[in-house]
Amino acid sequence: MSLLVVAEHDNHTFKASLRHVLAAARDIGGDIHLLVAGSGCEAVAQAARALPGVACVRWADDPALGDGGAENLALLVSRLARDYTHVLTAASAFGKNWAPRAAALLDVAQISDIVRVDAPDTFTRPIYAGSVWATYRSADPVKLVTVRPTAFEAVAGDGAPAPLEAVSALPDSGLSRRMSVALNQSTRPELESARVVVSGGRGLGSAERFKALLEPLADKLQAALGASRAAVDSGYVPNDYQVGQTGKVVAPDLYIAVGISGAIQHLAGMKASRVIVAINKDPEAPIFSVADYGLVGDLNEIVPRLTDAL
Amino acid sequence: MKLLVPVKRVLDYNIKARPKADGSGVELAGLKMSMNPFDEIAMEAAIRLKEAGQATEIVAVSCGPAGNQETLRTALALGADRAILVTCEADVEPLAVAKLLQALVAREQPGLVLCGKQAIDDDANQTGQMLAALLGWAQATFASRIELQGDGAALVTREIDGGLETLSIRLPAVITADLRLNEPRYATLPNIMKAKKKPLDTLAPADLGVDTAPRLALVQVSEPPERQGGLIVPDVAALVDKLKNEAKVI
Ligand SMILES: Cc1cc2nc3c(=O)[nH]c(=O)nc-3n(C[C@H](O)[C@H](O)[C@H](O)COP(=O)(O)OP(=O)(O)OC[C@H]3O[C@@H](n4cnc5c(N)ncnc54)[C@H](O)[C@@H]3O)c2cc1C
Ligand SMILES: Nc1ncnc2c1ncn2[C@@H]1O[C@H](COP(=O)(O)O)[C@@H](O)[C@H]1O
């Protein structure tokens, strides 16, 4: 077996999720090659050579690949994929965007968001907002898989540097162009890889209170901030804070849900956290059924007291 | 410009799915089915483009069993002008749906296909991207804003990890709708009545020359690992003590 893992990066560093995707690749077994495609991304390719288990880094550097657009990347991956039995990438906004496009170009099914490798051709993934797990076997010549990073423990340490091989890019499709990107600047840890996540819901009531109550708590715990859909829709926080079925999936050591009812779509994104704390005034809120420790009461009183006590 | 809006019929989002006792699939018998919420958003985006005079006709499409007619009637009541049902098995895979849609695009020649970003049953998040690939069209997934520019291009703002990105895409294209693109309207009673008279055509995959045989074998459907929760602590001091000494997370 031979696997191609496609790295997510910003042309400077690769994302922490890559080590988790490599863990899934190791579960499948076989030679692991890594593709670093981007523009001016040599530093990423060089750093990736030391990732454990990587036998070769294939490096495609071209302005057409610079903004991670799906059209050019999917075409490149679909060409390279014919030499491999598996193609893997993270089930992030990045991977979700281009991977199905590559699958269709290869005329293969994609298996999205796997949480378990059962066999090299068999994978388990959550469906119906994680209410159910489904196990699928693929007979496709190339198995195109996106990996839920939190479900696989990151490969640790560094290995001997793998060889670097340049790959030439294909001509720009010209179909789409990035005009602008607005990233939310934050000094906090990244939501998907934070050890502690403090998450707020509609119960916070306003953007001001979200900030006034949850930021000091997150500061104390060096935590990332997350949110329910209702908090995002109400404009308390930006869209990329959303945790859940259609937002981010997190599995920190500690997840503190404040003023979140625990709808199934929210649970889908945080149920695998090691320890869950819920703060909610409604003792019947479904969040309590998954919480290791629940505190019933008014968040306006509880959260400042908790922040002080830490 | 004509718009094609693929809509999927799914288990209503308020219902918690359960595996069938023999693990052969998900229990759907007798449960409420609805239009996939992301497809309601895509539909709403289409209606607004038509209301703004930027689109001339909206064609709703669904691939699935005969019951999907109900979902298409809902689309017609919301504002679609016509509907097409491609009759096939309940769990036709995204790649097969994309091929069926590709064939329909060849017939209908829309300027834009507006999909949902994800069906909330299979949670695949694949079909729109696959369709764009098969057509060789541009794609803009996870859209939270769409602006047609009149010169064969559109500006689309996308929800990405870390924030927002704005793309300029060439039309025709496939756009997939994210949650914050709009707030879908409800169908009014008069429109529900009118929808009954709007055209709804039925086709078979063979009419479109598409093989919908699944590529993946479903081995089993199972319950996810159970989580033991439910402990209530009396106060903040007790919580901090538990986190420090029992869970050892702080
Ligand atoms: C297609 C689709 C996709 C979705 N995807 C997601 C997703 O990815 N992520 C997600 O989170 N949701 C998602 N949702 C929405 C989900 O169904 C819920 O509507 C949402 O999670 C509710 O957010 P909430 O818990 O903040 O709000 P609510 O359900 O309104 O809960 C607010 C909670 O705050 C508590 N509260 C209020 N005031 C106080 C107070 N003073 N002190 C203490 N507690 C208080 C209340 O008791 C209540 O439990 C999705 C829905 C759909 C249809
Ligand atoms: N059977 C279907 N019929 C019509 N549209 C579909 C079907 N399956 C998927 N789609 C469309 O593709 C989107 C993404 O679905 P999926 O790739 O299954 O997550 C949905 O939101 C629909 O717009």
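Would you pick out the residues in the stretch B:93-134 that are of a type in the set (D, E, K, R), out of contact with any helix residue (DSSP H, G or I) (no Cβ under 7 Å at 6 or more places or on another chain) and within 13 Å of ligand 2 (Cβ to nearest atom)? Result: B:Glu93, B:Asp121, B:Asp122, B:Asp123.
Listed here are the residues, each with its yes/no results for (1) closer than 30 Å to A:Gln265 by Cα; (2) modelled with pLDDT of 95 or more; (3) open to solvent by less than 40 Å² (accessible area, probe 1.4 Å).
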site: A:Asp31; (1), (2), (3): no, yes, no
site: A:Ala81; (1), (2), (3): no, yes, yes
site: A:Ile111; (1), (2), (3): yes, yes, yes
site: A:Thr122; (1), (2), (3): yes, yes, yes
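The test for being within 8 Å of chain B (Cβ to nearest Cβ), touching a residue at least 12 places away in the same chain (Cβ under 8 Å) and open to solvent by 20 Å² or more (accessible area, probe 1.4 Å) holds for A:Tyr136. Considering only residues that are out of contact with any strand residue (DSSP E or B) (no Cβ under 7 Å at 6 or more places or on another chain) and within 13 Å of ligand 1 (Cβ to nearest atom), look in the stretch B:14-34 and name the one that is nearest to B:Val219 (Cα to Cα). Among those that are out of contact with any strand residue (DSSP E or B) (no Cβ under 7 Å at 6 or more places or on another chain) and within 13 Å of ligand 1 (Cβ to nearest atom), it is B:Lys16. Counting the residues of the stretch A:183-192 that are more than 21 Å from A:Ile264 (Cβ to Cβ) and either buried (at least 22 other Cβ atoms within 10 Å of the Cβ) or of a type in the set (Asp, Glu) (or both) gives 1. Here A:Gly244 clears all of (1) within 16 Å of ligand 2 (Cβ to nearest atom); (2) over 26 Å from A:Phe152 (Cα atoms) except the condition numbered (2). The helices (runs of 4 or more DSSP H) found wholly in the stretch A:202-310 and carrying at least 3 residues that are open to solvent by 20 Å² or more (accessible area, probe 1.4 Å), more than 12 Å from ligand 1 (Cβ to nearest atom) and modelled with pLDDT of 95 or more occupy A:215-221, A:299-309. In the stretch B:1-54, of all residues being β-branched (Val, Ile, Thr) and within 14 Å of chain A (Cβ to nearest Cβ), the one that is nearest to B:Leu76 (Cα to Cα) corresponds to B:Ile41. Scanning the stretch A:161-187 for residues that are away from every other protein chain (no Cβ under 13 Å) and modelled with pLDDT of 95 or more, we see that the one that is nearest to A:Ala55 (Cα to Cα) is A:Ala162.
Taking A:Arg195, is it more than 25 Å from A:Ala91 (Cβ to Cβ) and open to solvent by 60 Å² or more (accessible area, probe 1.4 Å)? For A:Arg195, the condition - more than 25 Å from A:Ala91 (Cβ to Cβ) and open to solvent by 60 Å² or more (accessible area, probe 1.4 Å) - is not met. In the stretch B:60-73, the residues that are touching a residue at least 40 places away in the same chain (Cβ under 8 Å) form Cβ pairs under 8 Å with partners that are acidic (Asp, Glu), at six or more places apart or across chains, as follows: B:Gly64/B:Glu89. It is to be established whether one or more residues within the stretch B:211-230 are more than 8 Å from chain A (Cβ to nearest Cβ), assigned to a loop (DSSP other than H, G, I, E, B) and open to solvent by less than 60 Å² (accessible area, probe 1.4 Å). Checked the stretch B:211-230: at least one residue is more than 8 Å from chain A (Cβ to nearest Cβ), assigned to a loop (DSSP other than H, G, I, E, B) and open to solvent by less than 60 Å² (accessible area, probe 1.4 Å). Inside the stretch B:74-117, residues that are of a type outside the set (Gly, Ala, Ser), within 16 Å of ligand 1 (Cβ to nearest atom) and open to solvent by 10 Å² or more (accessible area, probe 1.4 Å) make up a count of 2. So is B:Val236 more than 7 Å from chain A (Cβ to nearest Cβ) and not aromatic (Phe, Trp, Tyr) or not? For B:Val236, the condition - more than 7 Å from chain A (Cβ to nearest Cβ) and not aromatic (Phe, Trp, Tyr) - is not met. For the stretch A:1-46, filtering for residues that are more than 21 Å from A:Ile114 (Cα to Cα), assigned to a helix (DSSP H, G or I) and among the hydroxyl-bearing types (Ser, Thr, Tyr) leaves 0. Between B:Thr202, B:Thr188, B:Thr212, the distinction of being touching a helix residue (DSSP H, G or I) at 6+ places or on another chain (Cβ under 6 Å) and over 30 Å from A:Ser273 (Cα atoms) belongs to B:Thr212 only.
Regarding A:Val57, is this residue crowded, with 19+ Cβ neighbours inside 10 Å and farther than 23 Å from A:Val36 by Cβ? No: the conditions fail for A:Val57.
The values are calculated or read from the model by the stated rules, or taken from the named source; none is laboratory data. Owing to the predicted nature of the structure, the values given are computational and were not obtained by experimental measurement. Glycine also receives a Cβ, built like all others from the backbone with ideal geometry; neighbour counts cover every protein chain displayed. Surface accessibility is based on the protein's heavy atoms, side chains included, excluding ligands, DNA and RNA. Shrake-Rupley method; radii C 1.70, N 1.55, O 1.52, S 1.80 Å.
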